[in-house]
Amino acid sequence: MKIRPLPALAIAAGLALAAQAFRPDRTNPAVVAEPSWDSPRTRALAQRACFDCHSHETIWPWYSNLAPASWLVAHHVEEGREHLNFSAIDGSENVRKMIKEIRSHDMPTPDYRLMHASARLTEAERDSLVAGLERTFAPHLEPATPVEEHGDLVLPGSPATGIPPQGVTRPLAGAENPVPGL
């Protein structure tokens with residue numbers, strides 16, 4: 001069976017046109033509470049690299065008007081605001097996770113950096129943003145757990161393993177003990 005290009009193209013165009021009828025919500029609610037930034041530079045870096053997905057100050061790009069890109073962009077923004085919203089700070093933010101993701105280049109996401117050159121932070125800018133966020137959120141920072149300090153390392157006795165520490169009576173000579181209380 002031979003596929004005829006013209007009817008197939010017409011069907012594809014019709015489907016693409018019909019998809020435009022299903023528009024996601026692209027709103028910017030009012031800013032409820034913003035952090036007390038440690039400096040204007042920290043806010044400017046966060047605005048450049050984070051605000052489009054993690055605030056109510058999203059600048060919706062032209063392609064967010066076209067399905068299926070509009071669905072993907074709206075989903076990213078909705079998910080980003082759920083995890084951290086600089087426009088609705090309430091003290092429950094997971095600051096350590098946010099900082100870890102910035103340091104490891106997981107945030108901003110690679111696809112966002114691809115489409116937004118201004119979000120491509122230099123190492124110096126990344127370090128400045130992390131330091132500024134640490135100062136900004138210092139009242140909310142809890143002491144790091146061993147898992148947070150050592151990346152994916154899961155130590156015996158940590159809640160992640162459910163295995164109680166066995167045979168550990170003291171730290172190794174000359175080494176600091178990463179598990180408090182042991």
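The values are calculated or read from the model by the stated rules, or taken from the named source; none is laboratory data. All values reported here derive from a predicted model rather than from experimental measurement. Because the Cβ atoms are built from the backbone with ideal geometry, glycine has one as well, and the counts that use them run over all protein chains shown.
Taken together, Arg23, Arg43, Arg48 contain a single residue that is surrounded by 17 or more Cβ atoms within 10 Å (Cβ to Cβ), over 15 Å from Leu84 (Cα atoms) and not hydroxyl-bearing (Ser, Thr, Tyr), which is Arg48. None of Ser87, Ser104, Ser118 is of a type outside the set (Asp, Glu) and under 19 Å from Ser39 (Cα atoms) except Ser87.
Suppose we keep only residues that are of a type in the set (Gly, Ala, Ser) and modelled with pLDDT of 90 or more within segment 26-40. Which one would you say is surrounded by the most Cβ atoms within 10 Å (Cβ to Cβ)? Give the derivation first.
Narrowing segment 26-40 to residues of a type in the set (Gly, Ala, Ser): 30, 33, 36, 39.
Okay, now just the ones that are also modelled with pLDDT of 90 or more, so 30, 36, 39.
On the way: Ala30: 7, Ser36: 9, Ser39: 13.
Going through the qualifying residues, I end up with Ser39.
Within the set of pairs 6+ apart or on separate chains, which have a first residue in segment 33-56 that is hydroxyl-bearing (Ser, Thr, Tyr), a second that is at pLDDT below 95 and in a loop (DSSP other than H, G, I, E, B), and C-beta atoms under 8 Å apart? Within 8 Å, the pairs are Ser55/Val31; Ser55/Asn85; Ser55/Phe86; Ser55/Ser87. Filtering segment 56-113 to residues that are touching a Ser or Thr at 6+ places or on another chain (Cβ under 6 Å) and either in a helix (DSSP H, G or I) or more than 25 Å from Ala124 (Cα to Cα) (or both) leaves His56, Ser64, Ser70, Val73, Val77, Ser87.
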